Amino acid sequence: MISALTLLLAFQLAGEVIARGLGLQVPGPVIGMALLFGALLLRGGPGEDLRQTADKLLQHLSLLFIPAGTGIVMYGELIAAEWVPLTAALLGSTFLAIGVTMLVLKALSKRPKTGQSIQP
Amino acid sequence: MTPQLTELWVYLSASPLLGLTLTLMAYQAAFWLYRRTGFHPLANPVMLAIAMLATVLWLGDIDYRSYFDGAQFVHFLLGPATVALAIPLYTQWPRLKTMAGPLVIALVLGSLTAVLSAYAIGAMLGASHASLMSLAPKSVTTPIAMAVAEPLGGLPALAAALVMLTGVIGAVGAPYLYRWLRIGDHAIRGFAIGLAAHGIGTARAFQISEQAGAFAALAMGLNGLLTALSLPWIMPWLERLLGR
């Protein structure tokens, strides 16, 4: 587990260095993820240790968002000032975005099986 | 409170131990409730835990910053966890490749829907310019949303709060949309929730399956990238178009 955590942190560090070094707006860990993904493609997959550690971390991904999420308490006044348009926009647009994405994917991933017979 | 208790409270409320322990306790309590309700979407553990912690901070008159001094040890793990998303992505790579075309189209349309509908609803109901620009990047991960909102005239702090609320709304609401629109494919479920509700949605997707989680992670990453690149010119263009 320690070696897998070290590897994850090393890739995060590399991502952070690249993001700051090149002045990119993409967060360092996201670049670290891309680097590790590339390394896995080259190496032909993760070892057992890395896979188990990743599973453990991702199983409790929800927990990791709680400290930042609790930060909402600091912005109560900002949100309260315009709570009607903000709440409506958040609810409406989040549901619309999920709905549109799913319907587009569903429509496009349905391969018409009779496709060839239609050809002249 | 007796003098000793007051002293103890002064010590505890300033110590990182309290924030860290409260975070773990709130999560466990929230998850217990979530399981007891048979994983009811409205008992979402992230939402419940945040509500519990907000109540405790308010009742105990604890400053968010001193809470975060302890909670940051949990928060820090978001970095390595994000890197670890490479593993499910690798596992799902064969299926991802076959869906590349539809995924790109769904990404662009879903991302535009998130931005334009938030702007339209907010503007119709009279939101200020600063609020609209803070709303626009609400579907992407916090650091990107804050960085994108500021030069457009949004408030980074408000953007961060709206991102969090979006994540919770997406995680709570998505299961209802899955049922209503009859979407059974875990790849589609995951991609949509990751696109619209970033990391909190991705965390929810991992509760469905590894496949849903991998597609959510991909959508979150791609939408973050797309939004960072496209919003700086979409929003000014939209405002000119509407003559605002």
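Read-outs: derived from the displayed coordinates by stated rules, not from any lab. Quantities reported herein were computed from a predicted structural model and do not represent experimental measurements. Backbone-built Cβ (ideal geometry, glycine too); neighbour counts: all protein chains shown.
Just a few scattered comments:
- Residues located in region B:114-123, provided they are over 28 Å from residue B:79 (Cβ atoms), more than 7 Å from chain A (Cβ to nearest Cβ) and surrounded by 17 or more Cβ atoms within 10 Å (Cβ to Cβ): B:119, B:120, B:123
- Yes/no for residue B:168 being buried (at least 21 other Cβ atoms within 10 Å of the Cβ) and either out of contact with any His (no Cβ under 8 Å at 6 or more places or on another chain) or within 20 Å of residue A:95 (Cβ to Cβ) (or both): yes
- Pick from region B:124-141, criterion touching a residue at least 40 places away in the same chain (Cβ under 8 Å) and assigned to a helix (DSSP H, G or I), ranking: surrounded by the most Cβ atoms within 10 Å (Cβ to Cβ): B:133
- Unmet criterion (only one of (1) at the interface with chain A (Cβ under 8 Å from one of its Cβ atoms); (2) over 30 Å from residue A:48 (Cα atoms); (3) surrounded by fewer than 22 Cβ atoms within 10 Å (Cβ to Cβ)) for residue B:153: (1)
- Criterion (out of contact with any strand residue (DSSP E or B) (no Cβ under 7 Å at 6 or more places or on another chain), of a type outside the set (Gly, Ala, Ser) and over 22 Å from residue B:223 (Cβ atoms)) met by exactly one of B:58, B:93: B:58
- Flag if residue A:99 is crowded, with 18+ Cβ neighbours inside 10 Å and more than 23 Å from residue B:48 (Cβ to Cβ): yes
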